[in-house]
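Worksheet: one structure, shown below.
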C-alpha cells in the first residue's frame with residue numbers, strides 16, 4: 001500500500017495515528033519521504049484540512065504536526081466524549097505561566113518574587129494540569145530547589161511551535177506605558193513609597 | 001495598601017480563629033470558587049485557593065445582597081465581619097510577601113528598585129494577558145486520540161525450547177535425592193519424652209541443653225532441639241538463652257510460673 005500511496009496520504013495516515021504532534025524528522029523516518037516532498041504534502045494537507053473546509057485541522061504545535069478536531073466542532077466532540085472542557089486558568093495561573101515561559105526554567109521562589117505574592121497554590125494547580133513540570137534543580141541556590149519549566153502540553157494548548165513562538169517580553173509593554181509608570185514613581189514622595197511593593201495592592205483589594 | 005487592608009488587627013488571624021456555624025448557609029459565586037462561604041475559607045487556609053484571587057469587595061457585596069432567614073442577624077454579621085477582616089489581613093500579608101525573607105519591612109524600597117520591580121511585573125502581567133488570549137484561541141482542539149498499543153516485540157518461537165518448557169511445566173516435580181541421608185532412627189516424640197524425664201529427674205531445676213544432648217550424634221541433637229521447641233510451644237517448658245550463641249537452658253513450666 002505504502003509504495004503506491006501518495007505522499008500526502010502517507011503523512012495523513014501517520015498524523016492520524018499519532019495522539020501527539022509528530023516532528024518533521026519523525027514524519028520523514030516513518031513515511032520514507034524526502035523533506036521537500038513532505039513539506040509540499042504538508043502544504044497540500046493544510047489546504048485540505050483548513051478550519052474553513054474541514055472538521056479536522058492540521059496544526060503545528062510543540063515542534064511537530066498534529067491532526068486535531070476543528071474548535072468550531074468542539075462542543076459536539078465534548079458531548080460525544082461526555083467530558084467538559086477544563087475550567088479556564090485564573091489570572092494568577094497565567095502570570096505564573098508567563099514567568100516560567102519568559103524567565104524559566106526558574107524556581108517557585110523566583111516566580112513569587114516577580115509576582116510579589118506567594119505563588120505556590122497557582123504552581124501546584126499548573127503542575128497538576130500538566131502545563132508546568134519540574135525539570136532539574138537549581139544547584140546554586142540553598143536547598144537546590146526544583147526548577148519549573150513549561151511542558152509540551154502547554155505549547156500544544158497555546159498553539160505554539162516552541163517557546164520562541166511568543167513575542168519577546170520587551171515588546172509587550174510599550175514605551176508610553178513605561179513612561180507613565182516612571183512618571184508616577186517620580187511624582188510620589190519617599191513617604192508615599194514606604195511599604196509599597198511591586199504590585200499595587202489597593203487595586204486588587 | 002488600601003484602608004480595607006490596613007484596618008485589620010493582629011487578633012483577626014483566621015488560622016487562630018475557626019469559623020462559627022452562623023455562616024453555614026451563605027454561598028458565594030466567584031470566578032475562582034462557587035459554593036459555601038465556609039468552604040472558600042477552608043480552601044484559602046489550606047492554600048488551595050490563592051487569597052490574591054479572591055475579590056474581597058465582591059465578597060462583601062454578595063453578603064450584603066444576601067437576605068438570610070431564621071438566623072440571628074447580629075451574630076451572623078459579626079461572624080462575617082470577623083472572617084472578612086481576617087481575609088483582608090491575610091491578603092495584606094500575601095501582598096507584602098517576601099519569599100527570600102531578606103527585606104526589612106520597615107525599610108521602604110529605593111525608587112530605582114521599585115521601578116525595576118514594577119516594570120518587571122508589568123511585563124509579566126502583559127505576557128499573562130497574551131497567554132490568556134492564546135490559550136483561549138487554542139482551546140477546543142482535540143487530537144485523534146489513537147493511542148498506540150505497546151509494541152509486541154519480536155515473536156520467534158523455537159520448537160525445541162517450547163517443547164522443553166512444556167515438559168518442565170507439565171511434568172511432576174522430581175523427588176529430591178535423599179540417598180546421602182542416613183536412616184532415621186529416632187523420632188521427635190521419643191526425644192520429647194527424654195526431655196520430660198530429664199526435667200523430672202532434675203527435680204524442678206533447669207536443664208542445660210548441652211548436657212541433654214551430650215553423647216548424641218548430630219541427627220539426634222537436631223531432633224532433640226526440635227522436640228524442645230515443640231515442648232516450649234505447647235507450654236511444657238521455657239527455653240532460655242541469655243546471650244546469642246550462649247548456653248541454652250530448659251526451664252520446667254512450673255518453675256517459670
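What follows is calculated from the coordinates using simple rules that are stated; it is not laboratory data. Quantities reported herein were computed from a predicted structural model and do not represent experimental measurements. Here Cβ is always computed from backbone atoms with ideal geometry, including for glycine, and neighbour counts include all displayed protein chains.
Just a few scattered comments:
- Relative contact order of segment A:91-193, pairs being alpha-carbon contacts under 8 Å that are 6 or more residues apart, as %: 23
- Cα gyration tensor category, rounded, prolate or oblate, for segment A:91-193 with a/c compared to 1.5: oblate
- Centre-to-centre, using Cα atoms only, segment A:54-96 and segment A:1-53 are separated by 21 Å.
- Against chain A, whose longest principal axis comes from its Cα atoms, helix A:91-103 is set at around 80 degrees.
- Chain A: calculated mean residue ellipticity at 222 nm from DSSP helix runs of at least 4, using -39500 (n - 2.57): -13500 deg cm²/dmol
- Against chain A, whose longest principal axis is taken from its Cα atoms, helix A:7-17 shows a tilt of about 60°.
- Interatomic Cα distance distribution for segment A:7-81, bins of 5 angstrom, percent: 3, 16, 27, 25, 15, 8, 4, 1, 0
- For chain A, modelled as a GNM whose springs connect Cα atoms under 10 angstrom apart, the maximal fluctuation among A:78, A:183, A:95 occurs at A:183.
- Cβ neighbours within 10 Å from other chains - mean over A:90-102: 6
- Average beta carbon contacts from partner chains per residue of B:112-118, 10 Å cutoff: 5
- Three-way shape label, segment B:187-245, alpha-carbon gyration tensor, a/c 1.5: rounded
- The separation of segment A:157-181 from segment B:21-54, counted between C-alpha centres, amounts to 34 Å.
- Two-site FRET efficiency, residue B:170 against residue A:170, from Cβ-Cβ distance with R₀ of 60 Å, rounded to 0.05: 0.20
- The mean count of C-beta atoms from other chains within 10 Å of the C-beta of residues in B:56-66, rounded to a whole number, is 0.
- For chain A: relative contact order, % (alpha-carbon pairs under 8 angstrom, 6 or more apart): 16
- Protection proxy ranking, peptides B:77-86, B:39-48, average beta carbon neighbours within 10 Å, highest first: B:77-86, B:39-48
- Relative to the longest principal axis of the Cα atoms of chain A, helix A:175-187 runs at roughly 20 degrees.
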